[in-house]
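Only one structure is covered here, and it is reproduced in the block below.
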Amino acid sequence: MGFRLFAFALLPGLLLGTPAKKQTVGFGRGENEDMILSVTLYTTPADVKELIGDDLGGHYIVAEVKIEPKYGKTINIDRDDFVLKTDDNGAKVTPFAPSQIAGREALIVTQTGVQEKKTGVMVGGLGGGMGSSPGSDPGTNKVKVQNPASQKENPLEKTLADKILVERKTDKPAGGLLYFPMEKQKLKNLEIRYGPQEGRITLRFK
């Protein structure tokens, strides 16, 4: 009897001493008059690698998106309608295309910038001086443009293209992945916005 009482007395201490596992994959769901949007967000390199077989250098957050049109309505799917925002510094990015991640003219995104190489051209901060670059936002990261002649075809580009959310008009449910150039973010700080202000869907993740 004494041993049992000791074991029960020790158990709460053991439970309290076990750190909670940090949540790095989250789910959000929202809707407007035209559609239902469901998004699963993968925030760490390990999460991304488990999803697509490559961690993308640790520089991307990947969203698995499902779109369900309502009442037979036709939806125009445009990847640039999606914006990922972080509360950490207010940065906002739109998705990159597979060619920008793994193609011959890939952009290498880092948190602190990259070193100059003879085979590439530095083009400034992500957004700072790159207003026309997809995925850009002032004051976030820096990018490196690889010399196309120095790059071989990358099978990763095909993998990303096969899994991406396809841009099209549809009245049927659709789904795919979005690749956001953002890194080292806590799930609780992230928000995805879809569409213009009128009818916009905003998702937070749990």
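The values are calculated or read from the model by the stated rules, or taken from the named source; none is laboratory data. Remember, predicted model here, so these are calculated numbers, not experimental data. Positions of Cβ are backbone-derived with ideal geometry, glycine not excepted, and every protein chain shown enters the neighbour counts.
Restricting attention to the stretch 64-98 and to residues that are touching a residue at least 60 places away in the same chain (Cβ under 8 Å) and among the hydroxyl-bearing types (Ser, Thr, Tyr), the residue that is surrounded by the most Cβ atoms within 10 Å (Cβ to Cβ) turns out to be THR86.
Here's the yes/no breakdown for (1) more than 16 Å from LYS184 (Cβ to Cβ); (2) part of a loop (DSSP other than H, G, I, E, B); (3) at pLDDT below 95:
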{"position": "LEU14", "(1), (2), (3)": "yes, no, yes"}
{"position": "LYS22", "(1), (2), (3)": "no, yes, yes"}
{"position": "ARG29", "(1), (2), (3)": "yes, no, no"}
{"position": "GLU50", "(1), (2), (3)": "yes, no, no"}
{"position": "GLY57", "(1), (2), (3)": "no, no, yes"}
{"position": "LYS85", "(1), (2), (3)": "no, no, no"}
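Checking each residue in the stretch 27-36 for being closer than 17 Å to TYR179 by Cα and surrounded by 19 or more Cβ atoms within 10 Å (Cβ to Cβ) picks out only GLY28.
Can you give me the ranges of the strands (runs of 3 or more DSSP E) entirely in the stretch 106-202 with at least 3 residues that are at pLDDT below 50 and surrounded by fewer than 17 Cβ atoms within 10 Å (Cβ to Cβ)?
On the way: elements: 107-110, 120-125, 142-146, 168-170, 174-180, 190-194.
Answer list for the stretch 106-202: 120-125.
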